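Colleague: Supplied in C-alpha cells, the structure appears directly below.
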Amino acid sequence: MRNPDTPKNAIAPGLVILHANRLESLRDLAIEFGRSYPLAPLENDVFLVQSNGMAQWLKLAFAGGDGLGISAALQFLMPSRFLWQAYRQVLGAAAVPKTSPFDESRLVWRLYRWLSHSLPNLPESGWQESEKLAMLYAPLRRYLHDTEDAGKCFALAQKLADLFDQYQVYRADWLNAWQAGFDVLPAAAMANEFSAGRAPDLLWATPPSVPEAQRWQPALWRALTAEVEVSLQQSGRSHVHQAFLDALRSKRYVASGLPRRLQVFGLSSMSTQMLEAIDALAKHVQVLVYVVNPCPHYWVDIMDGREMLGVTRHRHQRKPGLPPMLPLEQVAVKANPLLAAWGKQGRDFIGMLYRYDPDEVSHSKIDLFESPIDAGTDCLLTRIQNAIFDLQPLPSLSSAGAESRQPVAAGDRSLQFHICHSRQREVEVLHDRLLDLFEQHPELQPRDVIVMAPDIDGYAAHVEAVFGNVGREDARYIPYTLADRPERACHPMAAALASLLRLPDLRFTVSDLLGLLEVAALRQRFAINETELPVLQRW
C-alpha cells in the first residue's frame, strides 16, 4: 500500500552510496526507506547480503517494534547468485544456461576427469607434439605421479576449479586472452581486444607473458573450453558479464523483470565484476549500497599498497593536519595504527567504491557518521572506536605523549580478554559471560548478540555441548543458532557419509566410532539402541 504523501517517481533508477560508521544506522535507514517508499503489493524488496546471519538480523529488525512490525516480501540473496539470475534476466534464458559449464561445482568434475583420464593419455599425433605436451604439463604430471590416488587427484581438481573460478571473477581479462590463444597476462584495459580474438595494437602496452612454469594454465583452460559445445563456449562468466554490461548500457535496452529496487547491505568487499554490474543496473534500477566505513576522513592512503588502488578522487576529505602523502613509517605517529593494520580489506573496497561516486544526477551520496563518544558512554571500547573514527594515533606515539592517556575505570568491562586452555572452555566462559550480561542489562536480548569465530565448524560441537545441554525450561537457557556452516555439516547423515568415505585415510579412534553412533539412522541399521551407547563407550 503506497503512502499517499510519497511521490510516484520516488523509486527512480540511480545509484545511491550510503556511508556510516555504525551498522545500526544503516539498518534504521533501510527500514525508513521501506516505510517511506514502499513497493507495490506482491513486489519483493531485494537485498544482497554476505551471510544468512545478516539476513536474519535484518528480518528481525524489520519485524520489530521499531521497524515495520512485519517482515514480508523481503528477498535476501547472495551476490553471486543474484548476479547470475540478473544475467539470465537481461540476456535471456536461451543465451545464459541455468548453470554454466564453467561454474565451480561443474569444473571440479570436469577437471577430475581430465586429470585422471586425459592427462595420462595425451594424444600422440607426432613425437614433437607429444614431447611438447609432456613438457607443458610436466608440473601436473610430477604432482600426480601416482595416478591411482583418486583422492589426491580430486583434491587437485578442487584447487584448480577454485583457481579458475577466482580468475573468472577477478581476472576475466586473462581468461579472454588465453581463450583467444595468447599466453599473456593483460591489464584490464586490454580485455576487450583479447575477447575479440586479436592482440592489442598498442605495442607500448604489450602485456607480460605467462611464466614458463605456469604455461599449463592457459593450455588447460583452452582444453576445458574446447570440450564444451560451441554454443556454450561463450557461457563463461567473463563473456556473459561483458554481454550483460553491453546490453544494459545499450540505449535500445528496456528493463523487464528486474527488481525496481536493489539494496546491497553490509558487504565488506565486492569484486570488480559485481561493482560494474551494480553501476550498469543503476541505469534501470534504484540501487542502494550501504557501506560500513569506520572513519569519516579519507583514510585509503594510510597503509601499504595504496598506490595499487589508483584512487584519483574521493568523496571524503583528508583529516586536517595530515600531509598530502603520509610516509608509511609515519602512520603510527600521525594516524590510527589499528585501522592501518586491520583495515586493508575495507580500505580496498571503499577505494573501489570511490570510482562510482561520479558527479551525475542519477548518483547520490549520503553520509551518516556519528561520533562514538557522542553516541555512548565514555568507556575503553568507545575510546578505541573514537580513535579509529578520528584517525587518532596512539597516545604514546603522538606529539602529546603519554600525558594524553586517560585511565580506565575500575569497573570498565567494555573490552575483555579471556585466556582459555581449550575451545570447550572458551564456549563455557562465553556462556557464563552472556548470562551475566543478560542479568545486568535486562533490555539486552539474545537476538542482539552475535558471536564470531574464525572457524565455526571447529566450535560447532562445543557450542552444542554447552548451549544445547541446557533445557528450555532452565533459567540458564539461551536460544542460539549456528550460521554460515557448510551444508553437509548441518545434516548428520551427510556428515556420517563423509566420515565413512574418509575411512581409508583415518586412524578411526574411539571418538570417531562413537561420533558415527550418534547418528540415529546408523544405529537403526545395526539395531543399536540409544540407551546402549554408554555401555559401548565403557567397552
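Colleague: Peptides 388-395, 464-471: what's the order by average Cβ count within 10 Å, highest mean first?
Modeller: On the way: 388-395: 18.5, 464-471: 13.5.
Order by mean packing, descending: 388-395, 464-471.
Colleague: I've got another one for you. On alpha-carbon atoms, Rg over Rh for segment 484-539 using Kirkwood Rh?
Modeller: On the way: Rg = 12.1 Å, Rh = 12.2 Å.
My calculation puts Rg/Rh at 0.99.
Colleague: Go ahead and run the numbers for FRET between LEU338 and ALA63, Cβ-Cβ distance against an R0 of 30 Å, rounding to 0.05. Provide the component values of the computation, followed by the final result.
Modeller: On the way: r = 35 Å, r/R0 = 1.17.
Result of the calculation: an efficiency of 0.30.
Colleague: Amide H neighbours of ASP367 under 5 Å, at least 5 residues apart or on other chains, H built in the peptide plane: list them.
Modeller: Residues meeting the criterion, in which the H sits 1.01 Å from N, are HIS19.
Colleague: VAL169 versus VAL470, label points 7 Å from Cα toward the beta carbon: distance in nm?
Modeller: 3.7
Colleague: Over all directions, how big on average is the projection of the convex hull of the alpha-carbon atoms in segment 139-189, in square nanometres? Each step should come with its number before you reach the end.
Modeller: Values: hull surface 16.9 nm².
Computing the convex hull of the Cα atoms and averaging its projections yields 4.2 nm².
Colleague: TYR253 label point, 7 Å along Cα→Cβ, cut-off 17 Å on backbone N: hits in segment 93-119?
Modeller: It comes to 93-97, nothing else.
Colleague: Given the Cα-Cα distance of ALA12 and LYS98 and 0.36 nm per residue of separation, how much length would full extension add, in nm? If you can, show how the numbers build up before the last one.
Modeller: Numbers: separation 86, 0.36 × 86 = 30.96 nm, distance 2.97 nm.
Here the answer is 28.0 nm.
Colleague: Students sometimes get this wrong: rank MET270, MET78 by accessible area, probe 1.4 Å, all chains present, largest first. Intermediate results must be reported in sequence, preceding the final value.
Modeller: Details: MET270 20, MET78 65 Å².
Greatest to least solvent exposure: MET78, MET270.
Colleague: Another question, then. For ASP378 and ALA72, calculate 0.36 nm times their separation in residues minus their Cα-Cα distance, and state this gained length in nm to one decimal.
Modeller: Details: separation 306, 0.36 × 306 = 110.16 nm, distance 3.86 nm.
Residue separation times 0.36 nm, minus the Cα-Cα distance, leaves 106.3 nm.
Colleague: Taking the Cβ-Cβ separation of LEU232 and LEU23 as r and a Förster radius of 30 Å, what is the calculated FRET efficiency to the nearest 0.05? Write down the numbers at each step before the final one.
Modeller: On the way: r = 41 Å, r/R0 = 1.38.
The formula returns an efficiency of 0.15 here.
Colleague: In addition: For the pair MET452/GLU43, report the inter-label distance in nm, with labels modelled 7 Å from Cα in the Cβ direction.
Modeller: With each label point 7 Å from Cα toward Cβ, the separation is 3.6 nm.
Colleague: Compute the length gained on full extension between SER209 and ALA527: take 0.36 nm times their separation in residues and subtract their Cα-Cα distance, giving the result in nm to one decimal. Let's see the in-between values first.
Modeller: Values: separation 318, 0.36 × 318 = 114.48 nm, distance 6.34 nm.
That pair, SER209 and ALA527, stretches by 108.1 nm at full extension.
Colleague: Hey, another quick one. Could you work out the per residue convex hull volume over the alpha carbons of segment 26-87, in cubic angstrom? Each step should come with its number before you reach the end.
Modeller: Numbers: hull volume 5.5 nm³, N = 62.
For segment 26-87, the hull spanned by Cα atoms encloses 88 Å³ per residue.
Colleague: Using 1/(1 + (r/R0)^6) with R0 = 30 angstrom and r between the beta carbons of LEU415 and ARG315, what's the FRET efficiency to the nearest 0.05?
Modeller: On the way: r = 32 Å, r/R0 = 1.05.
Computed FRET efficiency for LEU415 and ARG315: 0.45.
Colleague: Here's a follow-up. If you take the Cα atoms of segment 413-539, find Rg, then find the Kirkwood Rh from the mean of 1/r over all pairs, what is Rg/Rh?
Modeller: Values: Rg = 17.7 Å, Rh = 17.3 Å.
Dividing the radius of gyration by the Kirkwood radius yields 1.03.
Colleague: Using the Karplus curve 6.51 cos²θ - 1.76 cosθ + 1.60 with θ = phi - 60°, what ³J(HN,Hα) values do you get for each residue of segment 242-247, in whole Hz, with x for Gly and Pro?
Modeller: Computed from phi, the couplings for segment 242-247 are 5, 5, 4, 5, 4, 5 Hz.
Colleague: Considering amide H positions built from the backbone, and no H for Pro or chain starts, which residues 5 or more places from VAL46, or on another chain, come under 5 Å of its amide H?
Modeller: Placed amide hydrogens put GLN75, ARG261, GLN263 under 5 Å from VAL46.
The values are calculated or read from the model by the stated rules, or taken from the named source; none is laboratory data. Worth saying up front: this structure is predicted, and the values here are computed from it rather than measured. No Cβ is skipped: glycine too gets one built from the backbone with ideal geometry, and neighbour counts run over all protein chains shown. Just so you know, the surface numbers come from the protein's heavy atoms only, side chains and all, with ligands and any DNA or RNA stripped out. Shrake-Rupley method; radii C 1.70, N 1.55, O 1.52, S 1.80 Å.
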